[in-house]
Amino acid sequence: TTIKNLVEGNFKLHDAFLAELLQVSPTVRNYYKVAEITGMQIRMVKEYKAAFQRFRAGNKFSSGELDYIARVYAKLLGQSLRNLDELLIAITDKKLRASDDERLKAIDQLHARMEEKLVFLRAFNSNVSVLAGQRAKAAHEANTLIHIQGLD
């Protein structure tokens, strides 16, 4: 009887411990990087939409080039949405069996990945903007030469 009671008590202790791992503490739920991750997602969407609208309106890119730019944005957005899904799992009760420390490490990794995506987006937009500017300058120079030579 004593051994049975000890074993059952041990199982209850393990069960309580495992059940606790399914709960998300306020420390994890209120971790500042959670808000930063969602903020980065919002900035990414706003920045890519504004840039893509600018690239389309500028008439400096072919439809194939615009399709390529759209595919880059779609892939980046898809990856960032998967990061948000992982974040939701990390901060939602009964979705993940992990300690607070493990959850915080997962959030830190998601934060770093989201920062990388935002940095990539900004670099990509900058490079495409530079290319558009170069094309505009080249077109202006060509038109100036045509005008100077009286070929217009």
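The values are calculated or read from the model by the stated rules, or taken from the named source; none is laboratory data. These numbers come from a predicted model, not from an experiment. Here Cβ is always computed from backbone atoms with ideal geometry, including for glycine, and neighbour counts include all displayed protein chains. These accessible areas exclude ligands, DNA and RNA; they are computed on the full protein's heavy atoms, side chains included. Shrake-Rupley method; radii C 1.70, N 1.55, O 1.52, S 1.80 Å.
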### Summary
Restricting attention to the range 93-120, the residues that are surrounded by 15 or more Cβ atoms within 10 Å (Cβ to Cβ) and out of contact with any helix residue (DSSP H, G or I) (no Cβ under 9 Å at 6 or more places or on another chain) number exactly 0
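One line per residue, one yes/no per condition, for (1) charged (D, E, K, R); (2) touching a residue at least 24 places away in the same chain (Cβ under 8 Å):
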{"site": "46", "(1), (2)": "yes, no"}
{"site": "57", "(1), (2)": "no, no"}
{"site": "66", "(1), (2)": "no, no"}
{"site": "84", "(1), (2)": "no, yes"}
{"site": "91", "(1), (2)": "no, yes"}
{"site": "103", "(1), (2)": "yes, yes"}
{"site": "122", "(1), (2)": "yes, yes"}
{"site": "131", "(1), (2)": "no, yes"}
{"site": "134", "(1), (2)": "no, no"}
### Summary
When the range 80-92 is checked residue by residue, the ones that are open to solvent by 50 Å² or more (accessible area, probe 1.4 Å) and within 14 Å of residue 113 (Cβ to Cβ) are 81, 82, 85, 86
### Task
Return the total of residues in the range 22-56 being exposed (fewer than 11 other Cβ atoms within 10 Å of the Cβ), within 30 Å of residue 99 (Cα to Cα) and under 17 Å from the mean Cα position of the chain (by Cα).
3
### Query
Say we look at the range 121-152 and pick out the residues that are touching a helix residue (DSSP H, G or I) at 6+ places or on another chain (Cβ under 9 Å) and open to solvent by 100 Å² or more (accessible area, probe 1.4 Å); which of these is modelled with the lowest pLDDT?
152
### Task
Taking the options 104, 96, name whichever one is closer than 20 Å to residue 33 by Cβ, of a type outside the set (Asp, Glu), more than 17 Å from the chain's Cα centre (by Cα) and assigned to a loop (DSSP other than H, G, I, E, B).
96
### Task
Inspect the range 57-79 for any residue being part of a helix (DSSP H, G or I), open to solvent by less than 40 Å² (accessible area, probe 1.4 Å) and closer than 30 Å to residue 26 by Cα and give the result as yes or no.
yes
